[in-house]
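Each reported figure results from applying straightforward, stated rules to the coordinates on display, with no laboratory input. Treat the numbers as computed from the prediction; the structure is a model and nothing was measured. Methodologically, a virtual Cβ is constructed for each residue, glycine included, from the backbone with ideal geometry; neighbour enumeration extends over all protein chains shown.
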Amino acid sequence: MKQKKRIKGGVKTPHYKNTAKFETRVMPVPEKVEIPMLHHIGAPCMPTVKKGDEVMLGTIIGDSDKFVSAPIHSSVSGTVSEIKKRMFPNGAAIDSIVIKSDGKLTIDPSVKPPIVNTKEEFLKAVRNSGLVGLGGAGFPAHVKLNPPKDKKIEYLLINAAECEPYITADYRETIENSWNVISGINVVMEFLEIENVIIGIEDNKPTSIKILNDIADSDKKITAVSLKSIYPQGAEKMLIYALTGRVVPAGGLPMDVGVIVMNVTSVSFIAKYLKTGMPLVRKRLTVDGAVIKEPSNVDICIGTYIKDLIDFCGGFTEEPYKILMGGPMMGLAQYTTDMPILKQNNAILAFNKKQSMVPEQTACIRCGNCVRACPMALMPQQLDIFSESQDVEQLKKYNVESCIECGACSYVCPAKRHLVQAIKKGKILVKTKGQK
Amino acid sequence: MTENRLVVNPSPHMKCIKSTSSIMLDVIIALIPAVILSVYFFSYISAIIIAVSVATSVLFEYLYNLAAKKKQTIGNLSAVVTGVILALNLPPVKSSIWIAAVGSLIAIVIVKMLFGGIGKNIFNPAIAARVFLTVSFAAQMTSWVAPGIDSVSTATPLALIQRGVQTGYLDLFLGNIGGSLGETSAVALLVGCIWLLLRKVITWHIPAAFIGTVALGAFIFGQDPLFHVLAGGLLLGAIFMATDYVTSPITWKGKLIFGFGCGLITIGIRLFGNLPEGVSFSILFMNALVPLIDRYTVPKSFGEVKKNA
């Protein structure tokens, strides 16, 4: 099977998949971990433990009664040494549980394979597992897998595009845990009664495509499709278009066009959880960038500090100027390495001075490269102007809210305009002023 | 580790290597064949005109920024491009040397910098300057000479055909004809065009729509389409001046409309106007319509739901 459509716009970024060939290394348990009460889109959890409590691997330490949320588990065994406030990039202060590890990883007795016979039991198990979308957005999986009755789901799409440069964590999952990927898919198909499954993989990962197709071969319902590499193919709306030709309406969700999209590591985790009952407490990350001594894929306890992870990778070769959580196109720049790693993180990148400096903005020359690059067919250069002039009417007219902030426009801009930044500002303007 | 020195900024954290100056450099490279052939056909006078035009363009931009206490912008090479293109629009005679300097002043200071500098000008600087010079110094701007070192007066192919004299295709193609420095040789301009397309500096839309409309118009009115494509300033205008980013529409739809408009006005002036040539006027006029075209060619965004207006 071939890809249905070529996505609109997009940019050809360098791939830098330096770590693709490296087998995942398991990082020893750190002395302490810090687990914030928010790893997902939705309501933060409330701590269910207090300072001094003994916890074990897999013990629930935070939960919420809100629907769009997911429980949080301890990733080590040890003692809660502190509950502090952690500043998140959006400015919110979130409770964060610091656990001093006893180094033993004693498993909580509650951790045992769930009994799953019905869809309801399956969704409950997914919630209990603490799974959130591991592609980066962190949307609670049990919410995504539970569309309203009137939405008929025809396609389950598995996102293994991994279009962000550097990152190879999902790729390693497809190589190292191929059988889990396929059995996870089968479980979701069975309980949600979905007929068709397409795994989307960019053509720079031929091994992945081959392995998954070989395993899935016995079952004609699952196919791995090679996608022509282009950024941002792994963005949900783009992937749906590339694989099915369907267009998610603005403001709509994949289920509006009969589709559920799941990250490949997420679906693989479901298979693992149903077998072992071990909730989401570990994660594979790609650690790379010019100043990392030993670029690797590392399997870590969630809540490990960035600095401990980097130390495990041999530390820095020279002074870092930028630390990213995530890929270079959409990742978040960190102000410190004293930051815990969250469930949905998939990469830590450290850049040297040359890579880190923000180029100076010059005047727009109206070359139109941003317009051609935009996968949402927006006009970033116009949005830049309207954001600058705070023209809410025009921002709305030019569909600022449709922007997925993929960064393709800023990437291609020869004048080095900070287009995404301007558009983000524009979105806030529409939100705040639009309510008046 | 000195953590207080970590750079924090919004994504993306990667940029492509293209810059305004690298794009301008590509345009300069694309102009080199036309520059070489102009020197070949019209001798050293071409080199002097081009040198003066480039030097004064850069100088005026430098001085303007100095006087206006603005950040220096000559590094983006756009003034060099304007200088070369302006020179290619002048006749290969001695008077063009001082005309080039006057033209640079008009192009850079009045048409570009006073409107806010690069990216803000409404009209293409070289085109506006050429039109200004044509109107102000009509005699000097139409003192065409035949190729060669002796400066024998001649007329351009477009003027000749109005008197019923047809110029051969081969001469038109190579540039062995009377005309301004850069508009004589079709082959040099086409080589430049291929470079610009390969380097993705321009897209095919404007040149194709512009040239296609002129050819079609000529055909409809019983004239030789190929002659109209090769003669006059059409190729120079369609490839290098109508495609100026700042003064042309952004979307491909807009570009097609813009190119079509340019072509329509050009062939209209050539066939029915008093002037033999209309490329500059057509581009200048269409430049003024760009904001309007842009407004009506906003693409439908991906997944856009029809709004109840």
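Could you work out how far the C-alpha centroid of the stretch A:87-162 sits from that of the stretch B:169-233, in angstrom? What the calculation gives is 62 Å, centre to centre. Dipole magnitude for chain B: about 1060 debye, using +1 per Lys or Arg Cβ and -1 per Asp or Glu Cβ, origin at the Cα centre. Here r is the Cβ-Cβ distance between A:A43 and A:D299 and R0 is 25 Å; the resulting FRET efficiency, rounded to 0.05, is 0.30. By the count of other C-beta atoms within 10 Å, a proxy for reagent exposure, A:S96, B:S136, B:S143 are ordered fewest to most as B:S136, B:S143, A:S96.
Each residue, B:V187 and B:F115, gets one label point 7 Å from its Cα in the Cβ direction; the gap between the two is 3.6 nm. Among A:L253, A:V181, A:A216, whose Cα lies farthest out toward the positive end of the dipole of the stretch A:119-276, if unit charges sit on the beta carbon of Lys, Arg (+1) and Asp, Glu (-1)? My answer, from the dipole projection, is A:L253. Based on the Kirkwood approach, the hydrodynamic radius assigned to chain A is 22.5 Å, with every pair of different Cα atoms included. Given axes a ≥ b ≥ c from the Cα gyration tensor, I'd like to know whether chain B is rounded (a/c under 1.5), prolate (a/b larger than b/c) or oblate. It comes out oblate by the Cα gyration axes.
Normalised by the number of residues in the stretch A:369-433, the average gap of Cα pairs under 8 Å and 6 or more apart makes the relative contact order 40 percent. Calculated FRET efficiency, B:Y40 to B:Y62, Cβ-Cβ distance, R0 = 35 Å: about 0.65 to the nearest 0.05.
The relative contact order of chain B, computed from alpha carbon pairs under 8 Å that lie at least 6 residues apart in sequence, is 17 percent.
Taking the number of Cβ atoms within 10 Å of each Cβ as an exposure proxy, the fewest-first ranking of B:V131, B:V81, A:V126 is B:V131, B:V81, A:V126. The spacing between the stretch B:239-286 and the stretch B:41-90, judged by their C-alpha centroids, is 24 Å. A crude spin-label estimate for the pair A:V358 and B:L198, with each label 7 Å from Cα along the Cβ direction, gives 3.8 nm. Think of it this way: in chain A, A:C45, A:C163, A:C301, A:C313, A:C364, A:C367, A:C374, A:C403, A:C406, A:C413 stand alone, with no other Cys Cβ under 4.7 Å. Placing unit charges on each Cβ (+1 for Lys and Arg, -1 for Asp and Glu) gives chain A a dipole about its Cα centre, and among A:N146, A:L324, A:C409 the Cα reaching farthest toward its positive end belongs to A:C409. Note on chain A: dipole from Cβ charges, positive end direction compared against A:L123, A:C313, A:P380; the farthest Cα belongs to A:P380. Averaged over peptide A:316-323, the number of partner chain Cβ atoms lying within 10 Å of each residue's Cβ comes to 3. In terms of overall dimensions, the stretch B:182-293 has a Cα radius of gyration and Dmax of 12.9, 39 angstrom.
In this rough spin-label picture, where each label sits 7 Å from Cα along the Cβ direction, the A:K100-B:K70 distance is 6.4 nm. First check a/c for the stretch A:119-276, with a ≥ b ≥ c the square roots of the eigenvalues of its C-alpha gyration tensor; if it is under 1.5, answer rounded, and if not, answer prolate when a/b is larger than b/c or oblate otherwise. Judged from the Cα gyration tensor, the stretch A:119-276 comes out rounded (a/c under 1.5).
Placing +1 on the Cβ of every Lys and Arg and -1 on the Cβ of every Asp and Glu, with nothing else charged, gives the protein assembly as shown a dipole about its Cα centre of roughly 1040 debye. Each residue of the stretch B:168-179 was assigned a 3J(HN,Hα) from its phi angle through the Karplus curve 6.51 cos²θ - 1.76 cosθ + 1.60 (θ = phi - 60°); the sequence is x, 4, 4, 4, 5, 5, 7, x, 7, 9, x, x Hz, with glycine and proline shown as x. Counted as membrane-span-like here are DSSP H helices of chain B whose alpha-carbon atoms extend 27 Å or more along the helix's own axis and whose Kyte-Doolittle mean is -0.5 or above; these are B:20-42, B:44-67, B:252-272.
Of all beta bridges that DSSP places with both ends in the protein assembly as shown, some 60 percent have antiparallel geometry.
Partners of A:K275 within straight-line reach, counting lysines whose Cα lies under 18 Å from its Cα and excluding those fewer than 8 residues away in the same chain: A:K112, A:K119, A:K124, A:K283.
Take each residue of peptide B:15-23, count the partner chain Cβ atoms within 10 Å of its Cβ, and average: the result is 6. About its Cα centre, the dipole of the stretch A:364-436 is roughly 100 debye, where the only charges are +1 on Lys and Arg Cβ and -1 on Asp and Glu Cβ.
For the cross-link pairs A:K293/A:K343; A:K104/A:K293; A:K237/A:K343; A:K5/A:K425; A:K84/A:K322, the ones whose C-alpha atoms lie over 27 Å apart are A:K104/A:K293; A:K5/A:K425. Note: relative contact order over chain A, using C-alpha pairs below 8 Å and six or more positions apart, is 19 percent. Per-residue extension of 0.36 nm, minus the Cα-Cα distance of A:K124 and A:D203, leaves a gain of 24.9 nm for this segment. Mind running the shape call on the stretch A:300-436? Use the C-alpha gyration tensor, a ≥ b ≥ c as the square roots of the eigenvalues: rounded below 1.5 for a/c, prolate if a/b tops b/c, oblate otherwise. The shape class here is prolate.
With neighbours defined as other Cβ atoms within 10 Å of a residue's Cβ, the residues B:L284, A:L131 order from fewest to most as B:L284, A:L131. Take the Cβ atoms of A:K396 and A:V68, set R0 to 30 Å, and the FRET efficiency comes out at 0.70.
For the pair the stretch A:261-329 / the stretch A:360-415, the C-alpha centres are spaced 32 Å from each other.
Of all DSSP bridge pairs formed entirely within the stretch A:119-276, close to 5 percent run antiparallel. DSSP bridge analysis restricted to chain A gives an antiparallel fraction near 60%, rounded to the nearest 5. Each listed q (0.07, 0.08, 0.09, 0.12 Å⁻¹) maps to a log10 I(q)/I(0) for the protein assembly as shown, found by the Debye formula over equal Cα scatterers with no solvent: -0.61, -0.74, -0.86, -1.23.
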